Amino acid sequence: MVEPKLRLRDLNRRFMLRDRAVDALAGISLDVAPGEFLSIVGPSGCGKTTMLRIVAGLETATSGTVEIMREPGSTRPLNAMVFQQESVFPWKNVRDNAAFGLKARGFGKRERYEMVQPILDKVGLRGFEDALPHQLSGGMKQRVAIARAFANDPEIMLMDEPFAALDEQTKLILQAELLRIWEESRKTVMYVTHSIDEAITLSDRVLVMSARPGRVKEIIDIKSAFPRPRDIAAVKSSPKYGEFFGRIWSLLRDEVMAASLVSA
Amino acid sequence: MNAKMLNRVLSVVTPALLLLAWEVASRTQIIDFRFFSAPSAIFKEFVVMLESGELLKHTLISLQRIFIGFTIGTVSGVVIGLAVGLIPAVSAALKPIIDATFPIPKVGLLPLVIIIFGLGEASKYAIIAIGVVYLVIINTVSGVRHIERIYLDVGRNYHASRLMMFTDVALPGALPMIIAGMKISMGVSLILIVSAESLAAKSGIGYLIWTTWQVFEVEKMYVGLFMAAVLGACLTALLDWLERVMIPWKRV
Ligand SMILES: Nc1ncnc2c1ncn2[C@@H]1O[C@H](COP(=O)(O)OP(=O)(O)OP(=O)(O)O)[C@@H](O)[C@H]1O
Ligand SMILES: [Mg+2]
């Protein structure tokens, strides 16, 4: 097997809530291949966001290791995260929001504006470069967040339910766009979602997590059934789609019920 | 006539009636006209002072003092506030001093400020800057601390430098609170400048009010009070405008 892009080994994370210990992650070990699109599904509160934040370096693991492999000589940033909540800066226009990471890396104004323009075009924001986020719809704001992450050209993209807050139609459009952009760039992606459908249509593999404390319950290979480039409509009408859906749902159902018992 | 129109009419008629009552009471000497000059007499004096340039001179000098002191206070308040809000060590070093000295009424510092900065312009700038800096620091710190965590996370995720965290995240994120602090400070500045000019100055609106009272030129004193009100209203309007321009994303 080729060298993985991301290697997680025995990742644990414990939070202290007053004097009570909450284990968010318990022994996550995982390899993600270069250029792989990995989706992560699991019941609410099982530690998906925590795992992504640890990979992003925004949170530290209680124990375990995270390694992101760089191509030799590469100066690309290790990761860029698209957050679960709305995360574009309300005080920056679309162009400056998208160019934020490039500015942080020291690119001059002219240069970074030139670099973000093709990405803004790709996510359908041409003509809105000077708009402030409050002048945009929810879907457009999420496009800005995605453009910001892609513009930074990271080794690995971390996406935490980027479309969860959007309506169904907008979500379908953005999924198709994401797939198209991803197929051009072939970035390594970790993609958290609550939607089994989204996980199947977008991913190479789907990681199903157990209820808290989060563990790897099963990893399901989708890629061999649905090679790239993919047509979302064709995927959804294939009988294999139903099989995958049933399998993931039955894995999740047990965990969701376990989670609701724990919190009840 | 609907309620809205009635209210609009009331807001014009009530002050007019009050002025009229004042005028009548003063002329008929129901109230002591030596202390409560008739509005018509005050207006006459206003025109005289306007034409002689006296009024403009005092107003401009006060305006200049406020502008300079306010700018010094605001700029240093924002810088200190950002540092206190973002850097724990700075907070540990400065927060106790700020909290301990904040409750001192700033007017009470005037004698000290005059000793340190002399009777000239510097002491006027200083007292206003002192009054402003506290309110701006406190609002900036609170603005920074209430920035939604997600924006700080984005900054960290993209490895923004400390400087960029200041200029691109903390400052704009705290701006609504900073401007709110500036608005409160403007009121404080007016109080302080009028006090400082009454105590130790040869010009300015505060000087005008106080000296005319001492030599019993009551109409002039009222003109001074009126100008202080006009100045306050104009500066408040200026800050409202600034707020609209600087934080368009907060506009409803
Ligand atoms: N900063 C924190 N302090 C204390 N507990 C935390 C903290 N962050 C997360 N947790 C706890 O860790 C667990 C996992 O949280 P996490 O946000 O990773 O879940 P999630 O899988 O992303 O859930 P969702 O699907 O609802 O977004 C939860 O029980 C949560 O309460
Ligand atoms: Mg989450």
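If you scan the range A:179-197, which residues turn out to be surrounded by fewer than 20 Cβ atoms within 10 Å (Cβ to Cβ), of a type in the set (S, T, N, Q) and within 16 Å of ligand 2 (Cβ to nearest atom)? Scanning the range A:179-197 gives a single hit, A:195. Among the residues of the range B:221-242, is any within 14 Å of another protein chain (Cβ to nearest Cβ) and closer than 30 Å to residue A:99 by Cβ? Scanning the range B:221-242, I find no residue that is within 14 Å of another protein chain (Cβ to nearest Cβ) and closer than 30 Å to residue A:99 by Cβ, so the answer is no.
Scan the range A:72-88 for residues that are away from ligand 1 (no atom under 16 Å from the Cβ) and touching a residue at least 40 places away in the same chain (Cβ under 8 Å) and the total you get is 7.
Selection of the range A:80-95 for residues being away from ligand 2 (no atom under 16 Å from the Cβ) and either in contact with a strand residue (DSSP E or B) (Cβ under 9 Å, 6 or more places away or on another chain) or over 19 Å from residue B:147 (Cα atoms) (or both) yields A:80, A:94, A:95. Taking the criterion of being facing chain A (nearest Cβ under 10 Å) and either among the small types (Gly, Ala, Ser) or in contact with a Leu (Cβ under 6 Å, 6 or more places away or on another chain) (or both), the residues of the range B:160-204 that qualify are B:160, B:161, B:173.
Got a sec? Which helices (runs of 4 or more DSSP H) wholly within the range B:1-116 have at least 3 residues that are in contact with a Phe, Trp or Tyr (Cβ under 9 Å, 6 or more places away or on another chain)? Lay out the reasoning, then the answer.
On the way: elements: B:3-27, B:39-52, B:54-86, B:88-101.
Here the list reads B:3-27, B:39-52, B:54-86.
Right, residue A:24: more than 16 Å from ligand 2 (Cβ to nearest atom) and either of a type in the set (Val, Ile, Thr) or modelled with pLDDT under 95 (or both) or not? So residue A:24 fails the test.
Just wondering, is there one or more residues in the range B:207-221 that are within 23 Å of the chain's Cα centre (by Cα) and without any contact (Cβ under 8 Å) to a residue 12 or more places away in the chain? The answer is yes; a qualifying residue exists. For the range A:12-57, what are the residues that are away from every other protein chain (no Cβ under 14 Å), within 12 Å of ligand 1 (Cβ to nearest atom) and among the charged types (D, E, K, R)? If the condition is that a residue be away from every other protein chain (no Cβ under 14 Å), within 12 Å of ligand 1 (Cβ to nearest atom) and among the charged types (D, E, K, R), then A:13, A:14, A:18, A:20, A:23, A:48 are the ones that fit. Restricting attention to the range B:211-220, the residues that are surrounded by 12 or more Cβ atoms within 10 Å (Cβ to Cβ) and either within 14 Å of another protein chain (Cβ to nearest Cβ) or among the polar types (S, T, N, Q) (or both) total 2. Checked against the criterion of being surrounded by 22 or more Cβ atoms within 10 Å (Cβ to Cβ), in a helix (DSSP H, G or I) and over 12 Å from the mean Cα position of the chain (by Cα), the candidates A:146, A:200 yield just one match: A:200.
May I ask you to say which residue of A:117, A:175 is assigned by TED's automatic domain parsing to the domain that holds residue A:38 and either more than 16 Å from ligand 1 (Cβ to nearest atom) or farther than 23 Å from residue A:56 by Cα (or both)?
Working: A:117 fails: assigned by TED's automatic domain parsing to the domain that holds residue A:38.
Result: A:175 is the single residue among A:117, A:175 that is assigned by TED's automatic domain parsing to the domain that holds residue A:38 and either more than 16 Å from ligand 1 (Cβ to nearest atom) or farther than 23 Å from residue A:56 by Cα (or both).
For residue A:85, the conditions (1) under 24 Å from residue A:183 (Cβ atoms); (2) within 14 Å of chain B (Cβ to nearest Cβ) are fulfilled apart from (1). Here A:235, A:208 are screened, and the one residue that is touching a Lys or Arg at 6+ places or on another chain (Cβ under 6 Å) and crowded, with 18+ Cβ neighbours inside 10 Å is A:208. Applying the set (1) within 13 Å of chain B (Cβ to nearest Cβ); (2) within 13 Å of ligand 2 (Cβ to nearest atom) to residue A:77 leaves exactly one unmet item: (2).
Residues that are buried (at least 17 other Cβ atoms within 10 Å of the Cβ), more than 16 Å from ligand 2 (Cβ to nearest atom) and within 14 Å of residue A:212 (Cβ to Cβ) within the range A:27-57 are absent altogether.
Rundown of residues vs (1) within 13 Å of chain B (Cβ to nearest Cβ); (2) within 16 Å of ligand 1 (Cβ to nearest atom), yes/no style:
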site: A:124; (1), (2): no, no
site: A:129; (1), (2): no, no
site: A:141; (1), (2): yes, no
site: A:145; (1), (2): yes, no
site: A:151; (1), (2): yes, no
site: A:158; (1), (2): yes, yes
site: A:161; (1), (2): no, yes
site: A:164; (1), (2): no, yes
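The values are calculated or read from the model by the stated rules, or taken from the named source; none is laboratory data. These figures come from a predicted structure and were not determined experimentally. In this analysis, Cβ positions are derived from the backbone assuming ideal geometry, glycine residues included, and neighbour counts consider all displayed protein chains.
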